Every structure is written in C-alpha cells, then in structure tokens.
1. Checking the conditions here, which among 137, 151, 159 is of a type in the set (A, V, I, L, M), surrounded by 15 or more Cβ atoms within 10 Å (Cβ to Cβ) and more than 19 Å from the chain's Cα centre (by Cα)?
2. When only residues in segment 1-37 that are among the aliphatic types (A, V, I, L, M) and surrounded by fewer than 15 Cβ atoms within 10 Å (Cβ to Cβ) count, which is farthest from residue 55 (Cα to Cα)?
3. Test residue 19 against the criterion of being polar (S, T, N, Q) and under 20 Å from residue 144 (Cα atoms), and give yes or no.
4. Can you tell me which residue within segment 7-33, out of those that are in contact (Cβ under 8 Å) with a residue 60 or more places away in the chain and of a type outside the set (S, T, N, Q), is nearest to residue 70 (Cα to Cα)?
5. Just checking, how many residues over segment 60-80 are part of a loop (DSSP other than H, G, I, E, B) and either aromatic (Phe, Trp, Tyr) or in contact with a strand residue (DSSP E or B) (Cβ under 9 Å, 6 or more places away or on another chain) (or both)?
6. In this structure, is residue 10 assigned by TED's automatic domain parsing to the domain that holds residue 80 and touching a Gly at 6+ places or on another chain (Cβ under 8 Å)?
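The values are calculated or read from the model by the stated rules, or taken from the named source; none is laboratory data. This one's a predicted model, so the numbers in the text were calculated from it and none came from an experiment. Note: ideal-geometry Cβ built from the backbone for every residue, glycine included; neighbour counts use all protein chains shown.
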Amino acid sequence: MTEEETKQLINQYLIDLKNGDISKFESLFKLTAGHMYLVAHIYLKNADDAWFAVCEAFRRLGKYISNFNPNKDGLAWLCTITKNLALTDVTRESKVEHVDIDKVEYLIGKDFFEDIELRIDVETAINMLDEPNKTIAQMRFYWEKTQREIARELHLSEAAICQRMAYIKKFIADFCNQD
C-alpha cells in the first residue's frame, strides 16, 4: 500500500468512527499505533510511558473524534494528540526536550528514532538539500502541508512535488546510511 493509500485509509477509518462505526477502531489502532508510539517515545524516552500515551490517545479518541476534519491528514492529527499527551506528561515531570525532526517519523522505522545521531543526520540532510527541495521538505515535514498544498504554494504540479518528495526521501535515506 502506498503512503497516500495508507493516509486515505486512516482518514476513512476516522470518518467511519466519527459516524459511529466502532468496528474500525481495532484496524485504525493496528495501522497507526506504531507511528504514534514513535512520536510519544521522542518526548517520553521510555517505552512503557510511550505505549501508555498511545493507549491514552486512543482512549480519548471518542472525546476528540468530533473535531476531526476529514480534509486534513488523519495520521498527523492522531500523532498531534499523542504528542500533546506526551508533552503534558513530560511537562509534569519537568523534562521537556524540543525535537525539531519529529515530523519525519513515518519516513523510517523505530530503530532510527532510538538513535539521536541519526535524527541529527536527517535534519542535516534536509538542510543540505538544494532549493526548492529544501523548502519542499520543510513544508512537508515541519509545517505538515500536503503535497497538493505545497504544489499550489510553489506553483508546481502535484506530479513534480511527488517526484521531488521521492528524491528527498532517497537523499535523506542515502545521507543517513553512508558510513
């Protein structure tokens, strides 16, 4: 399944939940919990606390589902809820840490985010990109804009943005995997 198809499926599950179809809850959890865990782990630095934050985010989903906008990225919305819960817990413990790279967690697997040096490598790789690729990466990963929004703002076609995103992801992966 492509990234776009996955996002559409997540959004459909959220729409179904918003409409009262709780049968999609387990499927949504299976599809998104790993991403949400990565976000929580960045802030909490503890696997148990991170999983608690994910479970708490899903517990609160019933409260917040009416606020979900189907035109937005559902995974980003769920990760924001998780992040806010993690930050609340971190703030309570007085151990807040700002992480600039938390918007690219879906690019790579869990092991990546257990190594701070690689997080720094990703940020460095983004900063090394030429224009407009650097701007596109920042718009996508830091500002959470969709490819369609980026295309409109930069007056490029969606196909061009898609091609550039493929290049950007490969550039970041190659940069992080060099010896």
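1. 151
2. The extreme case among them is 1.
3. No.
4. Among residues in segment 7-33 that are in contact (Cβ under 8 Å) with a residue 60 or more places away in the chain and of a type outside the set (S, T, N, Q), the one nearest to residue 70 (Cα to Cα) is 14.
5. 1
6. Numbers: assigned by TED's automatic domain parsing to the domain that holds residue 80: yes; touching a Gly at 6+ places or on another chain (Cβ under 8 Å): yes.
Spelling it out, residue 10 is indeed assigned by TED's automatic domain parsing to the domain that holds residue 80 and touching a Gly at 6+ places or on another chain (Cβ under 8 Å).
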